[in-house]
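First up is the structure itself, then whatever we jot down about it.
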Amino acid sequence: PRQLLDAYIADYLREEVAAEGLVRNLPAYSSFLDSAALSDGDPVNYSNVARECGVSGPTAKSYFDILTDTRLARWLPRWQRRAKRRLSGAPKLYFDDVGVVNRLARRGELERGSDVYGKAFENWVFHELSAFVSYRDLDEQITYWRLPSGIEVDFVIGDMCLAIEAKATANITRKHLKGLRTLAEEHPGVRRMVVCLESRPRRTDDGIDIVPATDFAPRLWQGDIA
């Protein structure tokens, strides 16, 4: 409910930020939260966020640090080890609660098939992976892979152990597999997977696992995925 989300955000600003003296300008930080929410799941552009909330670039960066230190969001860095071609992309930011970020960004209801629904689905996959890696105390980093052309893969586990795309669609086609197939040209041994809304698991001719969202979490926690 909207009232509960508003109360949660107000409590966060009052008790986590103001009471701890983390910022000098609480209204500016409150404005920053709205701007940061619009970056959820995307590479962060510090200059744009700083301009939107009327603070300097260094201040905006410090605000992002507060956001992650208080566990309201977490970073997804770009994969960059042993790249054979130039990669691109600032770190991405994912809020820990889809309801909170939707309220901050004034997105309204999540309707299946919308861009907002797709962002929420990707957010869920990321946090399920993060929880699994943390709970199992795995020495593996979660990153994303992106070329300057814009071709990317949502999540890479470890040193190219597993690459995952999150697609909120019930019909995976060639266009949804472009990132994974491009990645395999550079890393032919990587295991590839699409988490989606199809009803049954299957595998493409070139070895990409298509995994229904209903199967993803159980298989992950059973150790069948990572």
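The values are calculated or read from the model by the stated rules, or taken from the named source; none is laboratory data. Since the model is a prediction, treat every value here as computed from it, not as a measurement. Every residue, glycine as well, gets a Cβ built from its backbone with ideal geometry; the counts of neighbours run over all protein chains shown.
Computed quantities for the displayed model
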{"read-out": "Check on Ile172, assigned to a loop (DSSP other than H, G, I, E, B) and within 12 Å of Asp209 (Cα to Cα)", "value": "yes"}
{"read-out": "Options Arg136, Arg181, Arg191, Arg200: the member that is over 18 Å from the mean Cα position of the chain (by Cα), touching a residue at least 12 places away in the same chain (Cβ under 8 Å), farther than 24 Å from Asp115 by Cα and surrounded by fewer than 19 Cβ atoms within 10 Å (Cβ to Cβ)", "value": "Arg191"}
{"read-out": "Which listed residue is surrounded by 19 or more Cβ atoms within 10 Å (Cβ to Cβ), under 30 Å from Ser31 (Cβ atoms) and not assigned by TED's automatic domain parsing to the domain that holds Gly89, from Glu152, Glu165", "value": "Glu152"}
{"read-out": "Those residues of the stretch 37-71 which are over 30 Å from Ile151 (Cβ atoms) and either at pLDDT below 90 or not in a helix (DSSP H, G or I) (or both), in sequence order", "value": "Cys53, Gly54, Val55, Ser56, Thr70, Arg71"}
{"read-out": "Lone qualifier among Arg181, Arg191, Arg200, Arg174 - being touching a strand residue (DSSP E or B) at 6+ places or on another chain (Cβ under 6 Å) and either not assigned by TED's automatic domain parsing to the domain that holds Asp139 or not hydrophobic (A, V, I, L, M, F, W, C) (or both)", "value": "Arg191"}
{"read-out": "Some residue of the stretch 90-112 being surrounded by 21 or more Cβ atoms within 10 Å (Cβ to Cβ) and farther than 27 Å from Gln3 by Cα", "value": "yes"}
{"read-out": "Qualifying residue in the stretch 13-36 (condition: within 21 Å of Arg106 (Cβ to Cβ), within 17 Å of the chain's Cα centre (by Cα), in contact (Cβ under 8 Å) with a residue 60 or more places away in the chain and outside any helix (DSSP H, G or I))", "value": "no"}
{"read-out": "Enumeration of residues in the stretch 201-218 that are closer than 17 Å to Phe155 by Cα and not β-branched (Val, Ile, Thr)", "value": "Asp209, Pro212, Ala213, Phe216, Ala217"}
